[in-house]
Structures are given as structure tokens and as C-alpha cells.
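The values are calculated or read from the model by the stated rules, or taken from the named source; none is laboratory data. Keep in mind that what you see is a predicted model, and the values were worked out from it rather than measured. Note that we place each Cβ from the backbone using ideal geometry, even for glycine, and neighbour counts take in every protein chain shown.
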Amino acid sequence: MSFVEPTAPTAGATDLATLHLYRRTCREKLLYCLDRLNDEEIRPLAYLAERLLLGKEVYGSFEKATDKRVMLEELRAELADGLFYLTAELETADIAEVTLVLQRKEAPDGQKQDS
């Protein structure tokens, strides 16, 4: 699911969520959305926020207007690194160990447990 920036409400618009988000700051939009998401939906957002805070400690605040990096090149490099790490792990993974890890994440009835 992705969040789409709401467009300006049209006359007679009845979509209250769109109307509610239209004139808000990014911080207000985020808080509004967080109030309506469950913990599982928030988990990846929390991870991204933690990564941003770590990056801020190392590199300072992110200011897109003054950042000299080419974001698509940064993304390409990060994806290549991630693919390498994943491949290295898969090449050395003990299949029995992976199976045990996967089994531990399932409840006796076959449903996934919260990790």
C-alpha cells in the first residue's frame, strides 16, 4: 500500500480523508496516518525512521535542496550492496538452520507468530 499525496479537494468533495490531509504539514499528515495504522503497518515505518536518525547522527540533517548526491546512483549502489549481502548469506546458509528459523516463526496451527 502506498500513500499518495492528496490533490486539492474539488467542490462538493466527500472524501473526508483527502479533505482532512490536504492542508496539513508533512508532520501532521504522518501523525494522522499513524493514528489509523496498526502495529504491523507501522513496523516498517519505524525502521525507516530509525535509519533516518542514524544517518542524521553520521551525516547531519537531510536537506534535499542542498544535498549533492545523485539519489538514483545512491540507490543503485545500496541495492547492489544489499544484493551482495543477501547472496553471500544464501550461499553460506545451512538449509537445516534456515528451516528451523522459519519453523520457529510459525505457531503450531501454522499461523505466523509475531517476531
Pairs, please: C-beta under 7 Å, at least 6 apart or cross-chain, first residue free of Cβ contacts under 8 Å to residues at least 24 places away in the same chain and surrounded by 13 or more Cβ atoms within 10 Å (Cβ to Cβ) and in the range 21-34, second of a type in the set (Ser, Thr, Tyr) and part of a helix (DSSP H, G or I)? 21/32; 24/32
Here are some residues: 12, 60. Which one is more than 16 Å from the chain's Cα centre (by Cα), on the phi > 0 side of the Ramachandran plot and either among the polar types (S, T, N, Q) or modelled with pLDDT of 65 or more (or both)? 60
Here are 45, 54: which of them is surrounded by 11 or more Cβ atoms within 10 Å (Cβ to Cβ), of a type in the set (A, V, I, L, M, F, W, C) and assigned by TED's automatic domain parsing to the domain that holds residue 29? 45
Do we find a residue being at pLDDT 90 or above, under 27 Å from residue 40 (Cα atoms), surrounded by 10 or more Cβ atoms within 10 Å (Cβ to Cβ) and not hydroxyl-bearing (Ser, Thr, Tyr) anywhere in the range 102-111? no
